[in-house]
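**Q** Sharing a structure here in structure tokens format.
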């Protein structure tokens, strides 16, 4: 049974508002934790950090997209509907690109290897090109199911996230073998955070692919939830890492991080990094 456009619009509004509310709570919690961490560790300005900049960028994109959802729900007969849909889908594409760029950046922060980055960079480039072509197709076609690039985009972002998550997990797991038991548990906690966050995004992408294959109008509601889901995933990472860092600071006396072998420098000498460096500086600088 096919859903009417009015029904889909109401579902989109309900899901969009629910996910945006969840994201808003996580965003302000993570922002508070980041600012608190910066106050206690006065190493550099947080306003120049990648985490802070990306968080604010995502907040603007997700908020702007949710505004379009509200506007569409209360003004379904708006003029220049094609241009409005183009703007809405453009924000979705931009949110996906920012989300994929962030997980690739985390992969680089952990590995510092251009070879490891090759596949996700190619995938992100293909997604960028395909995404903008898809926007042009949507602008000139009313039937979204005639656009094969939409499904291609979902599999490209899935490839990027699964690949980066697997390699980040692998690297952290290798590092824990050289760490003391307590340090290893800290890093393994990061592994759990990364995998759980990637799992949320994986469920969303697979669900969209299935809905698209059965040609249900519900795919519109699913894809319009993308910016909020991406925002939730990133805010959840920052919040959980921040909460773990705060509990460690208040629950026990800080100890100097134990050195561990992490990577080889260009001259062949092994560099040493403490667990705190890996968890705080390398993973979420």
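The numbers here are math on the coordinates, done by the rules we state, and not lab data. All figures in this text were calculated on a predicted structure; none of them were measured in a lab. Note that we place each Cβ from the backbone using ideal geometry, even for glycine, and neighbour counts take in every protein chain shown.
**Q** Could I have the simple spin-label model distance between residue 4 and residue 118, label points 7 Å from Cα toward Cβ, reported in nm to one decimal?
**A** 5.5
**Q** Right, here's the next one. Can you figure out the FRET efficiency of residue 137 with residue 200, using R₀ = 30 Å and their beta-carbon distance, to the nearest 0.05?
**A** So the FRET efficiency works out to roughly 0.60.
**Q** Quick one: order 132, 74 by neighbouring beta-carbon count within 10 Å, fewest to most.
**A** Ranked by crowding around the Cβ, least crowded first: 74, 132.
**Q** Among 47, 28, 52, which comes first, then next, by fewest other beta-carbon atoms within 10 Å?
**A** 47, 28, 52
**Q** Next up: More than 14 Å apart: what percent of Cα pairs in the range 1-71 qualify?
**A** Tail of the P(r) past 14 Å holds 68 percent of the pairs.
**Q** Calculate the FRET efficiency for residue 83 and residue 25 from the Cβ-Cβ distance with a Förster distance of 41 Å, rounded to the nearest 0.05.
**A** Between residue 83 and residue 25 the formula returns 0.80.
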